[in-house]
Amino acid sequence: MSSDTPLDRRPVKLLIVDDSNIVRRRIERSQQFDDLQVVGTAANGFEALELARRTDPDLVTMDLTMPQMDGIECITRLVKLKPGLRILVISALADKATAVEAMERGANGFLNKPFSDRQLNEAIAELMY
Amino acid sequence: MLREEELKTFVEGTTRYFEVAAQQPATIGSPYLLEGETAMHDYTGMINVSGKREGVVYFTAPRAMLTVLLMKMQESDFSHESMRDLVGEVANTISGNARRDFGHDFVISVPSVFAGEKPQIPQSPGARAFVIPIHWRSHSAKLVVSLT
């Protein structure tokens, strides 16, 4: 028997970071990938770091404007903690300099809020495959 | 001091928010200069602005509008906390989008949210405040932009 999907292929583990419950639920609900598994959600950078240590995600969606520890600082620490982690910034901050700074710190993609389901899935797909 | 032509970015941001998040565009009324205070709706999300410009941006909306907006977003939680979360997120999104025109030095805070209470709106010396009326479905809300 043969299959196109290797038996040892495991799902991509996703950690969602945003201070809005509504946005976290929206990302979780709208992602349409069978091979993506949400392993945690965090409301600020400290929670994100703690969850990243515990759940070992492959992919993180990261808000920038958050209380306690913002997204830029969190990206910097996450990249040190887990080099190779793929990070998709999902932020309302729409200036070019912010996107450049996030990428320089280690983000791999940038999606502006508000976003459609299609835009979200395209952005995730770019980092997954 | 905030100039009328600078309001365009907030009008566009508001239009974009409803169009994308609720898949139904809002109608934006003519902005007008605010003299004194404006009446608040049930929930208000406020962003403090610092850096190159100073002041506040706030979105105030009735519970009925927020409930329908949540439904359009496929949400099933219509609790007080969800309403607070949503007004904050709307204010944050529109203010953050304004950096496309105002630039990186337009520094925005995390949202402060007020419900059923009169918010204390900080007044920045030299700031000028405009009200942007928002009409969506049968509901009305306001975005207030008060900046130096």
Among (1) within 23 Å of B:Trp136 (Cβ to Cβ); (2) surrounded by 20 or more Cβ atoms within 10 Å (Cβ to Cβ), which single condition is B:Val49 missing?
(1)
For region B:134-145, give me the residue count where each residue is touching a Ser or Thr at 6+ places or on another chain (Cβ under 7 Å) and crowded, with 16+ Cβ neighbours inside 10 Å.
5
Matching residues, region B:122-147, being in contact (Cβ under 8 Å) with a residue 60 or more places away in the chain and either over 23 Å from B:Ile28 (Cα atoms) or charged (D, E, K, R) (or both)
B:Pro122, B:Ser124, B:Gly126, B:Arg128, B:Arg137, B:Lys142
With crowded, with 19+ Cβ neighbours inside 10 Å and away from chain A (no Cβ under 12 Å) as the only criterion, which of B:Met40, B:Met1 stands out?
B:Met40
Residue that is farthest from the other protein chains (Cβ to nearest Cβ) [pool: residues in region A:77-101 that are within 16 Å of A:Thr65 (Cα to Cα), out of contact with any Leu (no Cβ under 7 Å at 6 or more places or on another chain) and small (Gly, Ala, Ser)]:
A:Ala99
Conditions (1) within 14 Å of chain B (Cβ to nearest Cβ); (2) without any contact (Cβ under 8 Å) to a residue 60 or more places away in the chain -> A:Asp117 fails only (2)
I want to confirm something. Restricting to region B:97-107 and keeping residues that are more than 15 Å from the chain's Cα centre (by Cα) and not in a strand (DSSP E or B), which single residue is surrounded by the fewest Cβ atoms within 10 Å (Cβ to Cβ)?
B:Asp105
Going residue by residue through region B:108-119, is there one that turns out to be crowded, with 16+ Cβ neighbours inside 10 Å, away from chain A (no Cβ under 11 Å) and not in a strand (DSSP E or B)?
yes
All but one of (1) out of contact with any His (no Cβ under 9 Å at 6 or more places or on another chain); (2) within 12 Å of another protein chain (Cβ to nearest Cβ) hold for B:Gly51, so report the exception by its number.
(1)
Which numbered condition B:Ala22 misses (of (1) surrounded by fewer than 17 Cβ atoms within 10 Å (Cβ to Cβ); (2) at pLDDT below 95; (3) out of contact with any strand residue (DSSP E or B) (no Cβ under 6 Å at 6 or more places or on another chain)):
(1)
Scan B:Gly13, B:Gly29 and give me the residue that is on the phi < 0 side of the Ramachandran plot, surrounded by fewer than 22 Cβ atoms within 10 Å (Cβ to Cβ) and touching a residue at least 60 places away in the same chain (Cβ under 8 Å).
B:Gly29
Against the condition within 14 Å of another protein chain (Cβ to nearest Cβ), in contact (Cβ under 8 Å) with a residue 12 or more places away in the chain and surrounded by fewer than 19 Cβ atoms within 10 Å (Cβ to Cβ), how does A:Asp70 come out, does it pass?
yes
Answer yes if at least one residue in region A:41-51 is within 14 Å of chain B (Cβ to nearest Cβ), in contact with a Gly (Cβ under 8 Å, 6 or more places away or on another chain) and either crowded, with 18+ Cβ neighbours inside 10 Å or free of Cβ contacts under 8 Å to residues at least 40 places away in the same chain (or both), and no otherwise.
yes
Condition set at the interface with chain A (Cβ under 8 Å from one of its Cβ atoms), without any contact (Cβ under 8 Å) to a residue 60 or more places away in the chain and surrounded by 23 or more Cβ atoms within 10 Å (Cβ to Cβ), scope region B:72-94, selection farthest from B:Leu143 (Cα to Cα): answer is B:Asp85
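The values are calculated or read from the model by the stated rules, or taken from the named source; none is laboratory data. Worth saying up front: this structure is predicted, and the values here are computed from it rather than measured. With ideal geometry, Cβ positions are generated from the backbone for all residues, glycine too; neighbour counts draw on all protein chains shown.
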